[in-house]
1. Provide C140, C38 in ascending order of the number of other Cβ atoms located within 10 Å of each residue's Cβ, fewest first.
2. Which ordering of R118, R160, R135 is given by a fewest-first count of other beta-carbon atoms within 10 Å?
3. Given contacts defined as C-alpha pairs under 8 Å and at least six residues apart, what's the relative contact order of the range 1-82, whole-number percent?
4. Sorted from largest to smallest, which semi-axis lengths in Å does the alpha carbon gyration tensor of the range 101-165 give for its equivalent ellipsoid, taking the root of 5 times each eigenvalue?
5. When N counts the residues of the range 2-56, how does its alpha-carbon radius of gyration compare numerically with 2.2 N^0.38 Å, as a ratio?
6. Counting other C-beta atoms within 10 Å, which of F116, F74, F28 has the fewest, and how do the rest follow?
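Nothing in this text is a laboratory measurement; each read-out follows from the coordinates by a stated rule. As the structure is a prediction and not an experimental result, all values here were calculated from the model. Quick reminder, even Gly has a Cβ in these numbers, built from the backbone with ideal geometry, and neighbours come from all protein chains shown.
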Amino acid sequence: MPDAAVLATILLVVGLFLVAVELMIPSFGLIGMSAALCLVVSAWSAWQAWWSSEPVFFWTYVAFLVAGIPTSLFGTLYLIQNTALGGFVILRAPDISEDGPIPQMQSHLHSLIGEFGRTVSPLTPGGMVEVGGERHHAECVGPIIESKVPIEVVGARGTRLVVRKSSGKTAFADATPTSPASPPPTAHDIAAKPSAQLDFDIPDNYTAG
């Protein structure tokens, strides 16, 4: 069996460690009760080892015990709130004020406000759109917009574009002017067309009926 002084020291360290772990890992109080048990046994072992023979060591132990519990609590809280390890333990959400993928995406989406594009899928109200050769998640304002319909970007919400149906000229409008349709040729035009301009040759032995 370990010496009482050694047991008191070991259980003091283990108990303070479990106090810190209790703040980081939910255990329904099991870790906290284990920490309390370790500290109680540690204090009893210290009393057995030093109370009568070395009172200075005993009161030094008491000072470490009294100061160690709040130090473990506040030290753990500081690590959780101000270090990357704490963010990993409690799964802290990313800070949107820091540079990262989400702020960069939001900045890019805001730069597309006023641009034109078209829907890739129906917006009911959410769906996919294509703007500037890129596909984005989007939601529409107003009625449902069908697929392959011109749209205009009017805003950005989170990681989505906010669009509306466009009635004006868009980047996907056909810029080639449409020439007016020519009327079909009449019989007079065909008869007046020179034979040299015909698309076929007339046989030499052909006689009109």
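1. Working: C140 23, C38 20.
So the residues, fewest neighbours to most, are C38, C140.
2. Values: R118 19, R160 16, R135 12.
Neighbour counts put them in this order, fewest first: R135, R160, R118.
3. Numbers: 71 pairs, mean separation 30.4, N = 82.
About 37 percent, as a whole number.
4. On the way: eigenvalues 64, 24, 20 Å².
They are 18, 11, 10 Å, listed largest first.
5. Values: Rg = 12.7 Å, N = 55, 2.2 N^0.38 = 10.1 Å.
My calculation over the Cα atoms of the range 2-56 gives 1.26.
6. Numbers: F116 19, F74 10, F28 7.
The most exposed by this proxy come first: F28, F74, F116.
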